[in-house]
Amino acid sequence: EAQVTQNPRYLITVTGKKLTVTCSQNMNHEYMSWYRQDPGLGLRQIYYSMNVEVTDKGDVPEGYKVSRKEKRNFPLILESPSPNQTSLYFCASSFSGGFYTDTQYFGPGTRLTVL
Amino acid sequence: GQSLEQPSEVTAVEGAIVQINCTYQTSGFYGLSWYQQHDGGAPTFLSYNALDGLEETGRFSSFLSRSDSYGYLLLQELQMKDSASYFCAVLGAENYGQNFVFGPGTRLSVLP
């Protein structure tokens, strides 16, 4: 089954404790992206990757890191989480960035709470 | 910068037709897409317009006017299951990359 998986689905942590949210897709997609969703603000892109070893900042990259060492995986790293990073996070992938289609497939989401 | 505007809420009855508008300001533009999100769920892709005109997919249609920086999603024969949030999103070319910018979302309530 074609899918994007994220882990963990729920996470409660404390300020300053490094964490990683994993994202994996099995569709051989080049483009992968991380979003955060906050009430009234829609989805805001954090980072994206157009292919292995290629990553770029989205609208809200501060406080986050990403890496793309393999095509299927795109982990999101919070080196020193703060309460303002409490949010719902989505990973997404697509075949291309939009030259052919913009169909992004989203993971189920990770609800993060930073105390 | 890049920004999108769409109405925050729309209400309609079953069987009706509803149009959700989206205006955008972007630096570089590849296309406009629409996503549906039910409460507690992940966004799911509905449509994508790269060129001016109307794209039809079943009960849903999407329109784009690049010269007006405007698009809309048209939902026909509304069903209760269409109650959800709808987001427009621009695939832009900020800093020579390909970034997505989403609108704040429109919450559609379908009444019996």
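The values are calculated or read from the model by the stated rules, or taken from the named source; none is laboratory data. All figures in this text were calculated on a predicted structure; none of them were measured in a lab. Positions of Cβ are backbone-derived with ideal geometry, glycine not excepted, and every protein chain shown enters the neighbour counts.
Does segment A:39-57 contain any residue that is crowded, with 18+ Cβ neighbours inside 10 Å and in a loop (DSSP other than H, G, I, E, B)? No.
One residue alone among B:Ser85, B:Ser109 is touching a Lys or Arg at 6+ places or on another chain (Cβ under 7 Å) and of a type in the set (S, T, N, Q), and that residue is B:Ser85. Within this structure, B:Ser62 passes the test of being within 12 Å of chain A (Cβ to nearest Cβ) and either free of Cβ contacts under 8 Å to residues at least 60 places away in the same chain or over 26 Å from B:Pro112 (Cα atoms) (or both). With respect to (1) at the interface with another protein chain (Cβ under 10 Å from one of its Cβ atoms); (2) buried (at least 22 other Cβ atoms within 10 Å of the Cβ); (3) aliphatic (A, V, I, L, M), the lone exception for A:Leu88 is condition (2).
Restricting the search to segment A:6-56, which residues are without any contact (Cβ under 8 Å) to a residue 60 or more places away in the chain and charged (D, E, K, R)? A:Arg36, A:Asp38, A:Arg44, A:Glu53, A:Asp56, listed by residue number.
Considering the conditions (1) at the interface with chain B (Cβ under 10 Å from one of its Cβ atoms); (2) in a strand (DSSP E or B); (3) modelled with pLDDT of 95 or more, A:Pro108 is excluded by exactly one of them, (2).
Scan segment B:89-107 for residues that are more than 9 Å from chain A (Cβ to nearest Cβ) and within 11 Å of B:Gln6 (Cβ to Cβ) and the total you get is 2. Of all residues in segment A:18-38, exactly one satisfies the criterion of being surrounded by fewer than 16 Cβ atoms within 10 Å (Cβ to Cβ) and under 18 Å from B:Phe87 (Cβ atoms), namely A:Asp38. When A:Ile46, A:Ile12 are screened for being within 13 Å of another protein chain (Cβ to nearest Cβ), β-branched (Val, Ile, Thr) and either more than 21 Å from B:Asp39 (Cα to Cα) or more than 14 Å from the chain's Cα centre (by Cα) (or both), only A:Ile46 passes. Scanning segment B:16-46 for residues that are surrounded by fewer than 18 Cβ atoms within 10 Å (Cβ to Cβ), closer than 21 Å to B:Arg59 by Cα, more than 10 Å from every other protein chain (Cβ to nearest Cβ) and in contact with a strand residue (DSSP E or B) (Cβ under 6 Å, 6 or more places away or on another chain) yields a count of 3. The residues of segment B:47-63 that are in a strand (DSSP E or B), surrounded by fewer than 15 Cβ atoms within 10 Å (Cβ to Cβ) and at pLDDT 95 or above, listed by number, are B:Gly53, B:Leu54.
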